[in-house]
Amino acid sequence: MDRISLKIGAVFFVTILLVEGILFYYLHSSIIHSRIDEELAALQTRGNNHRDILESSYLDETIHHISSMESRTDTHVLITDHNGEIVSSSTPVDIAMNEIIAEAPEDVKRAGLILEDDWKKKKYIASVSPLNGDGAVYMFKNTERVQGLITKLNKHFWLAGILLMTSMAIITLFLSRFITKPVIKMNEATLKIRKGDYSVTLPRLGKDELGELGESIQVLANDLNHIKKQRNEFLASISHELRTPLTYIKGYADIAGKENTAPEDRSKYLQIILEEATKLSALIKGLFDLAKMDENTFTIKKEPLELCGFLRTIHSKIEPSFIEKKIKLKYICSGEVYIEADPVRLEQIIINLLDNARKYSEEGTTSKIQVFKKDGKLHISIQDEGKGIPKEDQQWIFDRFYRVDKSRSKALGGSGLGLAIVKELVEAHGGKVTLTSELNKGSTFDIIL
């Protein structure tokens, strides 16, 4: 995974190198041009000063004094008369000086003129300052000194460039590592997920896009881990739910088939076989219904339905089972409320929820069916005062074969498919079902249509 950090680091480094290179080149050129311009301006100013002195006192002593003074510096002075003849020079005149003098124009302005500024190829840079009717003052400076100055400047630039590139490489390395660290962790997590290991824990990666991606991967891993557990539990539940009735059927069928079995015992055993076969049939029907819903081949036949009367009929049908367990079942629905629904499937939904309310409620408690409108939507609420559902189980309660009671107590019964079927049927009607529950205080299932 270091490849991505190397790629990002390389992109950063090359980009910054190009930007810094352009800036360095511009700065280097600007400083050199500025420095050369300063040298040329200083040379011209020096020639103008000598010219001013000579114009105020054009004597042999003055000329000698100027030549002697310049012979001790890194510049050279050459003074000519009005005929162009050399009057004095602080250094012997060579061919390069003569060539520059020969190319000097005749009408030079009072401010002077730069005669040569090519410090790279020529031996001298030079200027000329005209004397009023008495010749001119030429100033020369050997370009070796200028080139030495530029060489020192170049060394400083190279040193600064190397230090900058080194620090830039280190910063880019750390920066690319910092940026790619979350990506590397997410890649490691996805590799674990791909191998079937969903025990992934990603740290909080911030609130940017990388953070959102990390959070999505974490949620995906958690969901896959739950699906894996759910699949294992599903297989275990299927095998348990099928094995138990089949064991009863096989065992009692063997006993009932024996010749020495009394007729009254045979009748009892056949009744048990019928009950277990009925349970098995109901379980398989539930599984087929869920399979059809998954394949979108399950049909809902909606028709106009007066809800209050419909629920009143269900209340009358199921109330005796609540009375038998000494639980009060209230019914609250006033007026006439019309909806479009499949009466068979809606009854299946309500009875499943009421059956759960009865199973998980104690004697002396109250359960309630209530219909009301809220925010323009119709609510059918099934409420009980039973055991309640732990908070950690509530998000999985509508999953297939999920049970809060892992012991599969026969006293409570059920296959773990009821709430899964309820959820699928409600959603098939275009609604949703929500759960509000508090441990040891009861649960409320709210169907919103």
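The values are calculated or read from the model by the stated rules, or taken from the named source; none is laboratory data. Predicted model, so just to flag it, every value in this text is computed and none were measured. Positions of Cβ are generated from backbone atoms using ideal geometry, with glycine treated the same way; all protein chains shown enter the neighbour counts. What goes into the accessible areas is simple: the full protein's heavy atoms, side chains included, and nothing from ligands, DNA or RNA. Shrake-Rupley method; radii C 1.70, N 1.55, O 1.52, S 1.80 Å.
Some notes on this structure:
- Top-ranked residue of segment 245-265 - restricted to ones that are β-branched (Val, Ile, Thr) and surrounded by 12 or more Cβ atoms within 10 Å (Cβ to Cβ), ranked as nearest to Leu280 (Cα to Cα): Ile249
- Search result, residues across segment 119-148 that are assigned to a helix (DSSP H, G or I) and either free of Cβ contacts under 8 Å to residues at least 24 places away in the same chain or crowded, with 16+ Cβ neighbours inside 10 Å (or both): Thr143, Glu144, Val146, Gly148
- For segment 101-110, the condition of being open to solvent by 70 Å² or more (accessible area, probe 1.4 Å), touching a Ser or Thr at 6+ places or on another chain (Cβ under 9 Å), in contact (Cβ under 8 Å) with a residue 60 or more places away in the chain and of a type outside the set (Phe, Trp, Tyr) holds for none of the residues.
- Elements of type strands (runs of 3 or more DSSP E) in segment 321-403, at least 2 residues being open to solvent by less than 30 Å² (accessible area, probe 1.4 Å): 338-341, 366-374, 377-383
- Of the listed requirements (1) closer than 23 Å to Pro304 by Cβ; (2) in contact (Cβ under 8 Å) with a residue 60 or more places away in the chain, Tyr360 misses just one: (1).
- Among residues that are within 60 Å of the chain's Cα centre (by Cα) and either hydroxyl-bearing (Ser, Thr, Tyr) or open to solvent by 90 Å² or more (accessible area, probe 1.4 Å) (or both), Tyr26 is included.
- Test: residue in segment 314-321 that is modelled with pLDDT of 90 or more, among the hydroxyl-bearing types (Ser, Thr, Tyr) and out of contact with any Ser or Thr (no Cβ under 8 Å at 6 or more places or on another chain): yes
- All positions within segment 73-87 that are surrounded by fewer than 16 Cβ atoms within 10 Å (Cβ to Cβ) and either touching a Lys or Arg at 6+ places or on another chain (Cβ under 7 Å) or acidic (Asp, Glu) (or both): Asp74, Asp81, Glu85
- Among (1) at pLDDT below 85; (2) over 26 Å from Asp355 (Cβ atoms); (3) open to solvent by less than 90 Å² (accessible area, probe 1.4 Å) - the single one Ile300 does not satisfy: (2)
- Enumeration of residues in segment 40-72 that are touching an Asp or Glu at 6+ places or on another chain (Cβ under 7 Å) and either surrounded by fewer than 18 Cβ atoms within 10 Å (Cβ to Cβ) or more than 16 Å from Ser127 (Cβ to Cβ) (or both): Tyr58
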